[in-house]
Ligand code: GLP
């Protein structure tokens, strides 16, 4: 694991964008695993700049997102599909049909998960997976649990996650209680993992996840077993 500590969110965002851009330059038809939350916003803004400057070309890239809220369609402003379209895809030259986000409105979320995993497998797996980390150690929406779940699957969100994500909604009551998330199989199968975290509030959970015991109670701790993880942490 490579653990990089930087001073500012701007520096984190530039470094993360440069690592993703390098991946695309080295393998133009790569599969990027993408994340939502506030942490990647700066990274995505920098990728848009690099694309606009002609330094990186996303035209052959495919993307697969980690997760989606159950009950939200892609045109809902709180959905992760909407987030990706507006914060990244609209600003780079990726083909819209090559961007995948799990459906939050599937009648059969378990089957939806199977199909999502089959899709990732058919793409040859993920070349680089970008991750944030929740205050409880969740990655994607893999919440603390008694076991790690391999497949893309529906989950009940923890109260702390609902609380943390309420800032994106008009009120706490509007935060969906469930989500669909990529499981640990696809995440751990990614050839490279890049986890970004900013702010002093994330320091404790990063220490637990990367220097504590490997346990499903701290889902990100499974990344200690991954052969190629880069963590970028900014204190501010
Ligand atoms: C959500 C997402 C995660 C993300 C987490 C942290 O719960 N499902 O993928 O890592 O938020 O968000 P933030 O980056 O806003 O702290």
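The values are calculated or read from the model by the stated rules, or taken from the named source; none is laboratory data. Since the structure is predicted, the reported quantities are computational estimates derived from the model, not experimental observations. Note that each Cβ is placed from the backbone with ideal geometry, even for glycine, and that neighbours are counted across all protein chains shown.
Brief remarks follow.
- Scanning the stretch 169-206 for residues that are assigned to a strand (DSSP E or B) and more than 11 Å from the ligand (Cβ to nearest atom) returns 178, 192, 193, 194.
- Residue in the stretch 49-62 that is surrounded by fewer than 15 Cβ atoms within 10 Å (Cβ to Cβ), touching a helix residue (DSSP H, G or I) at 6+ places or on another chain (Cβ under 7 Å) and farther than 16 Å from residue 140 by Cα present: yes
- Strands (runs of 3 or more DSSP E) contained entirely in the stretch 1-112, each with at least 2 residues that are closer than 29 Å to residue 163 by Cα, touching a strand residue (DSSP E or B) at 6+ places or on another chain (Cβ under 8 Å) and within 16 Å of the ligand (Cβ to nearest atom): 31-34, 62-65, 67-69
- Qualifying residue in the stretch 225-233 (condition: within 13 Å of the ligand (Cβ to nearest atom), touching a residue at least 12 places away in the same chain (Cβ under 8 Å), buried (at least 18 other Cβ atoms within 10 Å of the Cβ) and farther than 17 Å from residue 135 by Cβ): yes
- Which listed residue, of 142, 87, 165, 93, is farther than 20 Å from residue 194 by Cα and within 15 Å of the chain's Cα centre (by Cα): 165
- Boolean, residue 115 is part of a strand (DSSP E or B) and either within 15 Å of the ligand (Cβ to nearest atom) or out of contact with any strand residue (DSSP E or B) (no Cβ under 7 Å at 6 or more places or on another chain) (or both): no
- On the stretch given as the stretch 38-65, residues that are farther than 17 Å from residue 190 by Cβ and more than 16 Å from the chain's Cα centre (by Cα) total 14.
- Hey, residue 143 away from the ligand (no atom under 16 Å from the Cβ) and either touching a strand residue (DSSP E or B) at 6+ places or on another chain (Cβ under 8 Å) or modelled with pLDDT of 95 or more (or both) or not: no
- Test for residue 125: is it assigned to a loop (DSSP other than H, G, I, E, B), within 16 Å of the ligand (Cβ to nearest atom) and within 29 Å of residue 46 (Cα to Cα): no
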